[in-house]
Amino acid sequence: MKKILLRYKFPLTLILFLVISILSIYLTGLDGHIWSFLEMGNDGRFHVMRMQGLYESIKHGNFFPIVNMSFLDGFGYIANIFYSNLWLYPVAFLRLLGLTTVQAFICFYILINFVTFVISFGSYYIASQKFGKSLIFSFVYTLSVYRIFDMVRRFDIGEVLTLTFLPIVVLGVYEIFYGNNNKWWYLTIGMTAVIYSHALSPILIVIFILLVILFRLKILIKEPKRILTLIYSGLTSLLLSLGYFLPMYEQLKHTQFKLTNSPLIYVSQGSMRVHELVKFSLGNDLFEQNIGILMLLMAVVIPIIIWKATPAVRDFGIIGEILLLMTTDIFPWKLFIHTPLNMIQFPWRFNMLVTILFAIVLASDPWKLLNSFWKKGVIISLTIVMIFLAEFSLVTNHPAQDDSYAAFNNLDVYSIGAGQEYLPKDASLKQLRQTKHVPEVKSGAVKIKNFQQKDSAIKFDFNATESSKIDLPIIGYYGYSSNSSTGQVSAVKMDQTNNGLAQVKVRGKGILRVDYQKTPIQKISKSISLISFLIMIIWLFRQNKVSSKIE
């Protein structure tokens, strides 16, 4: 039996990953109900609507939408500029195959779980070449309390996707600062995948990298090439993600959003008290943000065991402790409320890094306490049982959140998240709910006939006896164009006095046609990123070919 297991260990591991990927969310979504904390101000509905919007756009023939027109009952919401759709296409295609919203969502969750298992196992195995330790790491990390909390409580798809690719980031950091710095491209791949997952997570990762630089300063002075390869990685990541960053910067330059003008929360308000961190973690509580009992135990024992570890594991463990302190009110977050760090909103977001760094220390086993097959089996089994019990407790203690599939499929198109970040600064969600979805004459005398709207495209006939202003039933984000109109039609501008709706001036007779047109910056930046990606693939292929010849 043991020989069979050893012979087929990799395919059997993949089967095990798939089984646990399904079972680990069974209590929250595979029994005809889905545990879904989906209040209208919560991020869950927002991300589900992102998926719905991509699906609807593809149905209309727009495979790369900028404005999500499923939001706000057709007024549109430019969330796609700030949250890339790149990793949501599997859900959209499942919907196109006929699956309902909830069925596609659950399949996506199973896929995310499986991919996280595979990436975390593969990343640790590349660094260590130890099958058993890689298996422990993949289970401890993938089934960690903070990650599952993100999945089944917050429904924060952006951060969940970050957690999927984070092991590649840490592998890249390891190679650049501790291993073979010629493998800097691991960090490039990981960072680029994270950037296209979640806008805030790269900020947290940069802080982690800065701490690693401080810990490795003596080595970097002796081996400056490592810094050079970090620069290579950073510049390549920038090229690959220009298609994300430049359109976002362009939109921020032309539109004043609630995001930048009226932040919902200051970072100092989001920090946790130490006793809350301990209480929630000891309870393995999936209803509140925490690191779970296993990672809390690691926080206690790391100062004792870390001194027998390798330099990388030692530094990662200490940095994990520092970041854990930064999640609490011990850290002086009040000093940072007027800095870019305020954007992270909740310092406990660092728990994603704390979790992976502590999981690395646990799997590395500095004191060799898990050096036998059965001990490894015990820690993996314990991890599975603990997360199953945590999910069971979540569902039984909060029965009001256990919704039927039908309830989940009933989407609220005004679910844009509590912060309403991507509305124009003076827009009112309440007023938008009450606004009729028709053109509104704001001044002048004009007759409007044959009004039509398909996705982001608006069309109607007009006859204006004098210069007239018309507000259109779409939010006037930068990029809307009236160039296809006939007659005297002005450029589209945003009416700040009327919820940021698109406004045009017309005179005489004509046909108004307004639609969102990708800007030159959007087109050029995405082309640069695509070309950079193709060049990198060719370069990696050639590097692999050279390495194979040398071996």
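Other residues within the sphere of radius under 14 Å centred on the Cβ of residue 32, judged by their own Cβ, net out at -3 (K and R +1, D and E -1).
Within the assembled protein chains, the solvent-accessible surface assigned to residue 437 is about 50 Å², based on a 1.4 Å probe.
Listed cross-link partners 9/183; 183/368; 133/368; 258/430 are compared with a 22 Å cut-off, the Cα-Cα value being larger for 9/183; 183/368. Carbon-plus-sulfur accessible fraction, the chain (probe radius 1.4 Å, protein heavy atoms only): 64%. With respect to the chain, whose longest principal axis is taken over its alpha-carbon atoms, helix 185-195 is tilted by about 40°. Backbone amide hydrogens, once placed in the peptide plane, bring residue 68 within less than 5 Å of 77, 78, 79, 80, excluding anything fewer than 5 places away on its chain.
Given the choices (i) 65, 52, 50; (ii) 71, 54, 50; (iii) 86, 54, 51, Cα extents along the principal axes in Å derived from the coordinates of this structure is entry (iii). Reducing the stretch 425-466 and the stretch 472-499 to their Cα centroids gives an inter-centroid distance of 10 Å.
With 23 Å as the limit, the listed pairs 459/493; 59/459; 253/449 have 253/449 beyond it between alpha carbons. Amide hydrogen proximity for residue 464: with H placed 1.01 Å from N in the peptide plane, the residues at 5 or more positions away or on another chain lying under 5 Å are 447, 508, 509. Phi angles of the stretch 519-533 translate, via the Karplus equation with coefficients 6.51, -1.76, 1.60 and θ = phi - 60°, into HN-Hα couplings of 6, x, 5, 4, 5, 5, 5, 5, 5, 4, 5, 5, 5, 4, 4 Hz per residue; Gly and Pro are given as x. Within a straight-line Cα-Cα reach of under 13 Å, residue 442 can be paired with the following aspartates and glutamates, leaving aside sequence neighbours fewer than 8 residues apart in one chain: 466, 471, 495.
Taking the centroid of alpha carbons for each part, the stretch 108-139 and the stretch 46-101 are 30 Å apart.
Full extension of the chain segment joining residue 223 with residue 533 gains 108.7 nm, where the gain is 0.36 nm per residue of separation less the Cα-Cα distance. If you take the beta carbon distance between residue 381 and residue 418 as r and set R0 to 30 Å, what does 1/(1 + (r/R0)^6) give as a FRET efficiency, to the nearest 0.05? Efficiency, rounded to the nearest 0.05: 0.20. Per-peptide packing, taken as the mean over residues of other Cβ atoms within 10 Å, places 280-286, 296-302, 409-415, 161-167 in the sequence 161-167, 280-286, 296-302, 409-415 from highest down. For residue 501, the residues 5 or more places off, or on other chains, whose built amide H falls under 5 Å of its own are 476, 495. The string of couplings for the stretch 110-123 from the Karplus curve (6.51, -1.76, 1.60, θ = phi - 60°) is 4, 4, 4, 4, 4, 5, 5, 4, 5, 5, 5, 4, x, 5 Hz, one whole number per residue in order, with x for Gly and Pro. For the chain, the share of DSSP beta bridges that are antiparallel, to the nearest 5, is 95%.
The values are calculated or read from the model by the stated rules, or taken from the named source; none is laboratory data. Please read these numbers as outputs of a predicted model, since none were measured by experiment. Cβ sites come from the backbone with ideal geometry, for glycine too, and all protein chains shown count toward neighbours. Areas reflect the complete protein model, heavy atoms only, side chains present, ligands, DNA and RNA absent. Shrake-Rupley method; radii C 1.70, N 1.55, O 1.52, S 1.80 Å.
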